[in-house]
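K.L.:
Sharing a structure, written as structure tokens. Questions coming.
The values are calculated or read from the model by the stated rules, or taken from the named source; none is laboratory data. This is a predicted model, so every value here is computed, not measured. Cβ placement follows ideal geometry from the backbone for every residue including glycine, while neighbour counts extend to all protein chains displayed. Calculation scope for accessible area: heavy atoms of the full protein, side chains included, ligands and nucleic acids excluded. Shrake-Rupley method; radii C 1.70, N 1.55, O 1.52, S 1.80 Å.
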Amino acid sequence: MISLQNVSKTYSVRGDSSVLAVRNLTMQVEKGEFVIITGRSGSGKTTLLSLVAGLTWPTSGQVLLDGIEVWRLADKEQSLLRNKKIGFVFQFPSLLPTLTSVENVLLPTMFGDKVKGDRSRDRAVMLLEQVGLNDKLRSYPRQLSGGQQQRVVIARALMNEPQLLLADEPTSDLDELTEHEIMALFRNIHALTGVTVLLVTHSNDLAGYGTRLIRMAGGAITDLDD
Amino acid sequence: MHVIRLAIRNAAGNSFRSWMVFFCAALMAGFVISATLVIRGADDSLRLALERLGADIIVIPEGHERRLESALLMGIPVHCWMPDIIVDEVAALPGVVAVSPQIYLSTLRGAICCSLPELFLIAYDPATDFTIRPWLELNLDAGLALGETVGGSFVYVPAGEDKLLVYGYELDLKANLEPTGTGLDQSLFFTLETAYDIARLSDEYAVKVMDIPPRTVSSVLVKVGRDADVHQVAQLIEAEIPGVTPLETNKLFKDQREQILSLLHSVVALLVITWLLAMALIAVVFSLAVNERRRQMGVMRALGARRGTVLQSVLIEAWLLALSGGLAGIGVSTLAISLFQRAIIAVMNVPFLFPPPLRLAGLSFGALAMALSGVTLAVLVPAVRISLQDPAMSMRE
Amino acid sequence: MKVAAVAIVALAILIAIIPIFSDCESQGRTLTLENGRQVSMKCHWTARAELALGVPLLAVGGLLAFSRRKETRRNLGIMGAVLGAVVILMPTALIGVCVNPDMPCVGIMKPALILLGVLMVAINLAVVVRSLGQEDEAA
């Protein structure tokens, strides 16, 4: 499903200096896998996810998603592809503060070409019930705990029934108990829907939740563990 | 969920920032509509006053030109006299098709024999008149009889009385004329016969005698033939009849027109400065807003929002604020100007007429459209910049 | 809500103060009776009544700035709107101003009070509408 061939990514920082975030990376991810990518801060994990989703372009090499170079598509096709195929769970609080839980979950339907309406709303409510937030449908993000917010984000990521779930340090701001609850949720979703999951974390303790582990350091893969 | 709803929530989310944009838009639209209303109102008022005068030339005694203008425009009474033989002399000149004399008087100030102080009184000759009767008959079926009068829109019979007292003489106020925004609104019209009757009885009824020198008039209104040139006739009057000044009505109110023009210039200058400042402020506020929401925009892009959608969400938010602010500004300014009409006339020393509803709607629409374009221009740069940003970069700190 | 509270306080002050300086008596015009006694005209009493309205409106604005419960804000908004309407009614219907259109109370005071009253009603209605769809503010 995902194929990276000799991919490098360099960011230019304030003019002259540049940072090599991903270095000559090659990897494959098959459909239905639950891949955990670990590594210290600055090891290039987040950049890797951005490259896979076509949110940024590779400085060299080739990134394919289902055989398509996403970042080469026109804005319209690229956006539609992300909207239909990819679900995102971010490291930072990514809920829109002015929208309720249900409205946040409905957000991806706003950008797609599917018919919207009651069915979307029913699905949003169902997803929020699945992540255990049936009593927080009308709550605003500021009225939710960190763990609850991340559950809403997961529900939002599943809204358009994606084939690929990209999660960037989804548990970094959470306490240990909540961290394991969220990871269990990912495992359940993967088991139930068969969605391909690419989850980035700096915590080695969470490696057991996936079906495969990749370790990164200095923008390159150091260890592949099937 | 729709982009408009998202924009509404975003606008409501940060009330301080939204209020800033709202006030700027209100200021922009309010200023435009106020300036337009005052300047157009002054212009319309002058035009209407000239139409009411109806004559091509007004002949008055030499040296009273300015005072006649302030009488017609601001209602400050003028007293001037010339021999009534001039009426016939003017009528005999080539190019003149109609002449009619008028007498200008005024009520006394602070005297109990006059209901209203310093009212400009215009007495006309119903036998020859061609200027007043046409619009008098719009309000009255017949002309005015002895002891009857018609007043401008500001003339009223004091509470508890049923007649208007002028030099102790009881006048029957038959009607009030539509407002013109000029001195005509504070004028009283009656026939020469009534004027002479008031003067005759003032010795007995009033604290002071109303003096009309025998065989005199205050002015002669002249109508020029279709094939004659007004300017040439005026020159002829000046050359043939000594001691009088012919005023061409289309050249009247020159000072006032210049005043309106200079008002227009300073208003435009002030308008440009205000608009530039308001637009700069909106641009800064939106740059901050967009910067603060960089991550949010990045998230939206990651969830499948197109560049255009991100741009749309920012623009719609700005438009909503501009629309509500603009409407509020227009509403408050229009209300204020309609309420303070009298004060505007007094302070700015220009006549003023509030426009009819349809014209007002048109002007408001124009002002709103201008405010919307101004706000769009101000937010375009930050909005386009954020929509073009690499989403992965937007989401990084 | 803070912006609305500040606006209400500012308007309340103007409602209380403007009539004091724009009624006919303040401009040196009083009614002289035949016996020589000078009496105040209508507009003077309207000015007094507006001063009396300005004080509770000031309180509405002040209380609104510190109220966190939406019910309180709604009730304050209703009270402000009603008082705002009375601000308009004083010079137009309840007491009135002088008859002569040349008097300062007709040219300045009455229009100013109508304008301030309309703004007061509008802002308070906005407060009521907003308080309906809002949750209580966090302390």
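K.L.:
What are the residues in the range B:338-350 that are β-branched (Val, Ile, Thr) and within 14 Å of chain C (Cβ to nearest Cβ), if any?
P.N.:
Correct list: B:ILE344, B:ILE345, B:VAL347.
K.L.:
Moving on to the next point. Residue check: is B:LEU72 open to solvent by 20 Å² or more (accessible area, probe 1.4 Å) and more than 14 Å from every other protein chain (Cβ to nearest Cβ)?
P.N.:
Criteria not met by B:LEU72.
K.L.:
Sticking with this one: Can you tell me which residues in the range B:1-30 are within 14 Å of chain A (Cβ to nearest Cβ) and touching a residue at least 60 places away in the same chain (Cβ under 8 Å)?
P.N.:
B:VAL3, B:ILE4, B:LEU6, B:ALA7, B:ILE8, B:ASN10, B:ALA11, B:ASN14, B:ARG17, B:SER18
K.L.:
So which of B:GLY181, B:GLY143 is within 14 Å of chain C (Cβ to nearest Cβ) and either open to solvent by less than 60 Å² (accessible area, probe 1.4 Å) or assigned to a loop (DSSP other than H, G, I, E, B) (or both)?
P.N.:
Of B:GLY181, B:GLY143, the one residue that is within 14 Å of chain C (Cβ to nearest Cβ) and either open to solvent by less than 60 Å² (accessible area, probe 1.4 Å) or assigned to a loop (DSSP other than H, G, I, E, B) (or both) is B:GLY181.
K.L.:
Report whether or not B:THR128 is over 30 Å from B:ILE344 (Cβ atoms) and either among the charged types (D, E, K, R) or open to solvent by less than 20 Å² (accessible area, probe 1.4 Å) (or both).
P.N.:
No: the conditions fail for B:THR128.
K.L.:
Right, here's the next one. Those residues that are open to solvent by less than 30 Å² (accessible area, probe 1.4 Å), within 11 Å of chain B (Cβ to nearest Cβ) and in contact (Cβ under 8 Å) with a residue 24 or more places away in the chain, I need them from the range C:115-131; list them, please.
P.N.:
C:LEU116, C:GLY117
K.L.:
What's the number of the condition A:PRO58 fails, among (1) open to solvent by less than 30 Å² (accessible area, probe 1.4 Å); (2) modelled with pLDDT of 90 or more; (3) more than 9 Å from chain B (Cβ to nearest Cβ); (4) over 20 Å from B:GLN389 (Cβ atoms)?
P.N.:
Here A:PRO58 clears every test but (4).
K.L.:
Separate question: Which of (1) of a type in the set (A, V, I, L, M); (2) in contact with a helix residue (DSSP H, G or I) (Cβ under 9 Å, 6 or more places away or on another chain); (3) within 10 Å of another protein chain (Cβ to nearest Cβ) is the odd one out, the single condition B:LEU353 does not satisfy?
P.N.:
With (1) of a type in the set (A, V, I, L, M); (2) in contact with a helix residue (DSSP H, G or I) (Cβ under 9 Å, 6 or more places away or on another chain); (3) within 10 Å of another protein chain (Cβ to nearest Cβ) applied to B:LEU353, the lone miss is (3).
K.L.:
Give the residues of the range A:75-128 that are open to solvent by 10 Å² or more (accessible area, probe 1.4 Å), more than 10 Å from chain B (Cβ to nearest Cβ) and not acidic (Asp, Glu), sorted by residue number.
P.N.:
A:LYS114, A:VAL115, A:GLY117, A:ARG119, A:ARG123, A:VAL125, A:MET126
K.L.:
Answer with yes or no whether C:ARG74 is assigned to a helix (DSSP H, G or I) and more than 12 Å from the chain's Cα centre (by Cα).
P.N.:
Values: assigned to a helix (DSSP H, G or I): yes; more than 12 Å from the chain's Cα centre (by Cα): yes.
Taking the combined requirement at face value, the residue satisfies it.
For (1) in a loop (DSSP other than H, G, I, E, B); (2) not basic (Lys, Arg), each residue gets a yes or a no:
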site	(1), (2)
A:GLU129	no, yes
A:GLY132	yes, yes
A:LYS136	yes, no
A:VAL153	no, yes
A:ILE182	no, yes
A:ILE189	no, yes
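K.L.:
Out of B:ASP84, B:ASP162, B:ASP43, which single residue is surrounded by fewer than 19 Cβ atoms within 10 Å (Cβ to Cβ) and under 27 Å from C:GLY107 (Cα atoms)?
P.N.:
B:ASP162
K.L.:
Given the conditions (1) over 17 Å from the mean Cα position of the chain (by Cα); (2) more than 25 Å from A:TYR209 (Cβ to Cβ), and given that A:LYS84 satisfies all but one, which numbered condition is not satisfied?
P.N.:
Only one criterion is unmet by A:LYS84, namely (1).
K.L.:
Also, I was wondering about something else. Quick one: what pairs do we get from the range B:55-69, first residue touching a residue at least 12 places away in the same chain (Cβ under 8 Å), second in a loop (DSSP other than H, G, I, E, B) and among the polar types (S, T, N, Q), C-beta under 6 Å, 6+ apart or different chains?
P.N.:
Listed pairs, sorted by first residue: B:ALA55/B:THR131.
K.L.:
Then there's this: So which of B:SER34, B:SER70 is under 21 Å from the mean Cα position of the chain (by Cα), assigned by TED's automatic domain parsing to the domain that holds B:MET210 and among the hydroxyl-bearing types (Ser, Thr, Tyr)?
P.N.:
Numbers: B:SER34 fails: assigned by TED's automatic domain parsing to the domain that holds B:MET210.
Testing whether each residue is under 21 Å from the mean Cα position of the chain (by Cα), assigned by TED's automatic domain parsing to the domain that holds B:MET210 and among the hydroxyl-bearing types (Ser, Thr, Tyr) leaves just B:SER70.
K.L.:
On to the next question. Among the residues of the range B:110-137, how many are over 24 Å from B:VAL220 (Cβ atoms) and aliphatic (A, V, I, L, M)?
P.N.:
3
K.L.:
Can you list the helices (runs of 4 or more DSSP H) found entirely within the range A:24-112 that contain at least 2 residues being in contact with a strand residue (DSSP E or B) (Cβ under 6 Å, 6 or more places away or on another chain)?
P.N.:
A:45-53
K.L.:
Quick check on this structure: which one of B:PHE365, B:PHE352 is surrounded by fewer than 21 Cβ atoms within 10 Å (Cβ to Cβ) and aromatic (Phe, Trp, Tyr)?
P.N.:
Step by step, each of B:PHE365, B:PHE352 is checked, and only B:PHE365 is surrounded by fewer than 21 Cβ atoms within 10 Å (Cβ to Cβ) and aromatic (Phe, Trp, Tyr).
K.L.:
Testing C:LYS110 on (1) surrounded by fewer than 17 Cβ atoms within 10 Å (Cβ to Cβ); (2) of a type in the set (D, E, K, R); (3) within 14 Å of chain B (Cβ to nearest Cβ); (4) within 14 Å of the chain's Cα centre (by Cα), one condition comes back false. Which one is that?
P.N.:
Just one mismatch for C:LYS110, condition (1).
K.L.:
Output the residues belonging to the range B:268-308 that are open to solvent by less than 30 Å² (accessible area, probe 1.4 Å) and aliphatic (A, V, I, L, M).
P.N.:
Correct list: B:ALA278, B:ILE282, B:ALA283, B:VAL285, B:ALA289, B:VAL290, B:MET297, B:VAL299, B:MET300, B:ALA302, B:LEU303, B:ALA305.
K.L.:
Here is a follow-up. Pairs needed: first member in the range B:116-132, closer than 19 Å to B:THR182 by Cα; second member anywhere, in a loop (DSSP other than H, G, I, E, B) and of a type in the set (Ser, Thr, Tyr); C-beta distance under 7 Å; at least 6 residues apart or different chains.
P.N.:
B:LEU116/B:THR107; B:PRO117/B:THR107; B:GLU118/B:THR107; B:LEU119/B:THR107; B:LEU121/B:THR107
K.L.:
Right, B:ILE33: in a strand (DSSP E or B) and either buried (at least 22 other Cβ atoms within 10 Å of the Cβ) or without any contact (Cβ under 8 Å) to a residue 60 or more places away in the chain (or both) or not?
P.N.:
Against the criterion (in a strand (DSSP E or B) and either buried (at least 22 other Cβ atoms within 10 Å of the Cβ) or without any contact (Cβ under 8 Å) to a residue 60 or more places away in the chain (or both)), B:ILE33 does not qualify.
K.L.:
When the range B:1-52 is examined, which residues are found to be farther than 25 Å from B:HIS265 by Cα and among the aliphatic types (A, V, I, L, M)?
P.N.:
Across the range B:1-52, the qualifying residues are B:MET1, B:VAL3, B:ILE4, B:LEU6, B:ALA7, B:ILE8, B:ALA11, B:ALA12, B:MET20, B:VAL21.
K.L.:
Which of the following residues is under 18 Å from the mean Cα position of the chain (by Cα), in a helix (DSSP H, G or I) and free of Cβ contacts under 8 Å to residues at least 40 places away in the same chain: C:LEU14, C:LEU63?
P.N.:
Criteria check complete, one pass: C:LEU63.
K.L.:
Just a yes or no: is a residue in the range A:176-184 within 16 Å of the chain's Cα centre (by Cα) and either β-branched (Val, Ile, Thr) or open to solvent by 40 Å² or more (accessible area, probe 1.4 Å) (or both)?
P.N.:
yes
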